[in-house]
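The next block holds one structure in the form of structure tokens; read it before the comments.
Values quoted throughout were computed directly from the atomic coordinates according to the rules given, and no laboratory measurement underlies them. Keep in mind the model is a prediction, meaning the values are calculated, not measured. Note that we place each Cβ from the backbone using ideal geometry, even for glycine, and neighbour counts take in every protein chain shown.
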Amino acid sequence: MRIVLLGAPGSGKGTQATLLKQKLGLAHISTGDLLRAQVAAGTELGLQAKAVMARGELVSDAIVLGMLEARMGEADVAQGFILDGYPRNLAQCQALDAMLTRMALPVQHAIQLDVDPTAIVERLAERARKEGRSDDNPDSVRYRMQVYQEQTAPVVEYYANAGKLQRVPGMGSVDEIHQRLLELLGQA
Ligand code: B4P
């Protein structure tokens, strides 16, 4: 099964992708996690990405694509994958389509988690208290929501036009949303 999980920052993509990985044995590929690992390791790429991420901006398409291509070359990807946090703009959609066509592994499901903006602000404020992630401060959260509206919302339309979009209500408990996703994927 090959899934792209879409949704605003804090909509639960990372949370739900982790559960789907455990349940369905898919590779979970989060570009946010890949970038944070580079930052934590202090690599050249991480140093470039760190300030950009803290401001809530998108890291350059070339950097993220290079990182993603390396991850997609790993053996577990052939069993199926969940992409979490990629694509985030139309250029990334096109780059992903080209890569997956070359690999003969096209996206089968593009799933959008719909969450109220007020719930997003609350969730990210809660995570800021618990985890202290540098981009969960109020200014960056506001900016990330704006970037989402301007750059990532067209990605949803892209998958709708391709006949691959499915929407799932992302409000409720983590387990309720997980069950909705399993039903939609015929795995409940
Ligand atoms: P991401 O790591 O993708 O972060 P995110 O959009 O905030 O989503 P995340 O997965 O962390 O949160 P989730 O919704 O699971 O990106 C971070 C940054 O990396 C970007 O701003 C950008 O700078 C860079 N980046 C990443 N990908 C990129 C790309 N492709 N191109 C360019 N730049 C890129 O959960 C949020 C919180 O809600 C959690 O604390 C969770 O516990 C909680 N939660 C989840 N479900 C809940 C529920 N049902 N009820 C209550 N709380 C819930």
Honestly segment 81-188 on the Cα gyration tensor test (a ≥ b ≥ c root eigenvalues; a/c under 1.5 rounded, otherwise a/b vs b/c for prolate or oblate) is just oblate
Short to long, in 5 Å steps from zero, the percent of alpha-carbon pairs of segment 116-175 per bin is 4, 15, 19, 20, 20, 14, 7, 2
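Sequence gap at least 6, Cα distance under 8 Å: using those rules, report the relative contact order of segment 1-143 to the nearest whole percent.
Details: 167 pairs, mean separation 58.9, N = 143.
The value is 41 percent.
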Give me the Kirkwood hydrodynamic radius of segment 84-128, using the inverse of the mean 1/r over all pairs of distinct Cα atoms, in Å to one decimal.
-> 12.9 Å
Amide H of Arg2: which non-local residues (sequence gap of 5 or more, or other chain) have their own amide H closer than 5 Å, using H built in the peptide plane?
-> Phe81, Gln108, His109
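Taking the number of other C-beta atoms within 10 Å as the exposure measure, put Lys164, Lys23, Lys13 in order starting with the fewest.
Numbers: Lys164 16, Lys23 13, Lys13 24.
Going from sparsest to densest Cβ surroundings: Lys23, Lys164, Lys13.
Label segment 1-40 by shape, choosing from rounded, prolate and oblate, from the square roots a ≥ b ≥ c of the eigenvalues of the Cα gyration tensor; if a/c is under 1.5 it is rounded, and otherwise prolate applies when a/b is larger than b/c, oblate when it is not.
On the way: a/c = 2.05, a/b = 1.36, b/c = 1.51.
Taking the square roots of the gyration eigenvalues as a ≥ b ≥ c, segment 1-40 is oblate.
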Could you give the radius of gyration (one decimal) and Dmax (whole number) of the Cα atoms in segment 1-146, in Å?
-> 15.1, 43
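Sort His109, His178 so the one with the fewest other Cβ atoms within 10 Å of its own Cβ comes first.
Values: His109 17, His178 20.
Listed from fewest to most nearby Cβ atoms, that is His109, His178.
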